[in-house]
1. Keeping to the range 203-224, report how many residues are surrounded by 21 or more Cβ atoms within 10 Å (Cβ to Cβ) and under 17 Å from K170 (Cβ atoms).
2. For the range 25-77, name all the residues that are at pLDDT below 95 and of a type in the set (A, V, I, L, M).
3. Take the range 221-235 and flag every residue that is charged (D, E, K, R) and assigned to a helix (DSSP H, G or I).
4. Could you figure out which of (1) over 19 Å from F109 (Cβ atoms); (2) in contact with a strand residue (DSSP E or B) (Cβ under 8 Å, 6 or more places away or on another chain); (3) among the β-branched types (V, I, T) isn't true of V62?
5. Name the residues in the range 89-112 that are β-branched (V, I, T) and crowded, with 18+ Cβ neighbours inside 10 Å, would you?
6. Among the residues of the range 114-126, write down those that are buried (at least 21 other Cβ atoms within 10 Å of the Cβ) and of a type outside the set (F, W, Y).
7. Give the residues of the range 331-349 that are crowded, with 16+ Cβ neighbours inside 10 Å and either among the hydroxyl-bearing types (S, T, Y) or free of Cβ contacts under 8 Å to residues at least 40 places away in the same chain (or both), sorted by residue number.
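The values are calculated or read from the model by the stated rules, or taken from the named source; none is laboratory data. Keep in mind that what you see is a predicted model, and the values were worked out from it rather than measured. So basically every Cβ, Gly included, is an ideal-geometry build from the backbone, and we count neighbours across all protein chains shown.
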Amino acid sequence: MKVNRFSKWSVPVKVLLVLVFLAILTIQAGCVGSVSASKSETIELKLAHFFPATHPAETELVQGWAKAVHEATDGKVVITSYPGETLFKAADIYDNVVEGATDIGLSCFSYNIGRFPEMEAFEQPGIVYKNSKVASEVAWEGFKELNPKSVNDTKMMMIIATGPGDLFTKAPVSKLEDIVGKQIRATGLTAETLTMTGAVPVGMPQSEAYEALQKGIVDGNLAPIEVLKTWKHGEVADYITRTPFLYNNLFYITMNLKKWNALPEEIQEAITEATEKFHEEVGIGLWDKQNGEALEWATKTQNMNVIELSEEETARWIQAVEPMIDKYIAAKGEEGQKAIDTVKRLADKYNNEY
């Protein structure tokens, strides 16, 4: 008679195998459950910017876009805004997006002069934009065409522009000689532009300009009309000189690249579609809306005087600042020429459209 040498272990072994099998099933079920849960988890994103909490850039642009993204992703993506430099100074926002200290950032290219050489083409003086819609369309389409290397370290979501900016001063400026020696608040390329007019640029963010004007630290400001109301600069300046050939400022909303790449493909598609729609319906015309309201407020409630330069005087100003474009092309070479040609072509296109 044969004896099964494993017979005394047969029952425990069978029990052990059953237990192992059940454990494997439990682990697999747990994994399936965790995957399902992860798909339904909320994706929370932080957005840092420098505008005050009451500014339309927060109340209409950021909050409006956050709502559009939230709805497009069926509530899966929640964007929390941190306005008023709560997290970072305006000039530090882009770097902190790159490093992942904030998921999304809203700021100006001009606050980091030299960091975004291709984007400087859109802010060169002497190129006239009728309004912010024109300037925004030119900036966004031009950005896509040029595909600038300087911003490839983030996921660019949106670019909008202020369009033409004007001089706001305490004393009237009706001819080029009136600005010579005047201390004018400016940033980025506009600072160098003002130097060519004979003014003395003073670099500072908009958040410091009110006090500087109030205390006489500066004689004026070069900015879009909206700052007269949204930043209350109309309370501390007396004259508006229309200078659409001097100024255009670009704002970006951009996202940390690793964060973007980690999002599920369907979430990326939903965000992209919602953002493109919001950009076209709200973003590109946001500054036009603000500028119109601010001009009415400044002239009717603050009694600011508007000065329109004559055609002859306008030509003198443009001639004074035109070397800026030549200097840009000389410094950037073929890429600079390509960027300027792109901007001019698109400006002609959209000035005719809007």
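1. Of the residues in the range 203-224, 8 are surrounded by 21 or more Cβ atoms within 10 Å (Cβ to Cβ) and under 17 Å from K170 (Cβ atoms).
2. Matches in the range 25-77: L25, I27, A29, V32, V35, A37.
3. K229, E235 - these are the residues of the range 221-235 that are charged (D, E, K, R) and assigned to a helix (DSSP H, G or I).
4. (1)
5. Scanning the range 89-112 gives I93, V97, T102, I104.
6. E118, M119, E120, A121, E123, Q124, P125, listed by residue number.
7. Listed by number, the list holds a single entry, T342.
This table checks each residue for (1) surrounded by fewer than 19 Cβ atoms within 10 Å (Cβ to Cβ); (2) within 24 Å of D178 (Cα to Cα).
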| position | (1), (2) |
| --- | --- |
| T241 | no, yes |
| L246 | no, yes |
| L250 | no, no |
| E276 | yes, no |
| Q302 | yes, yes |
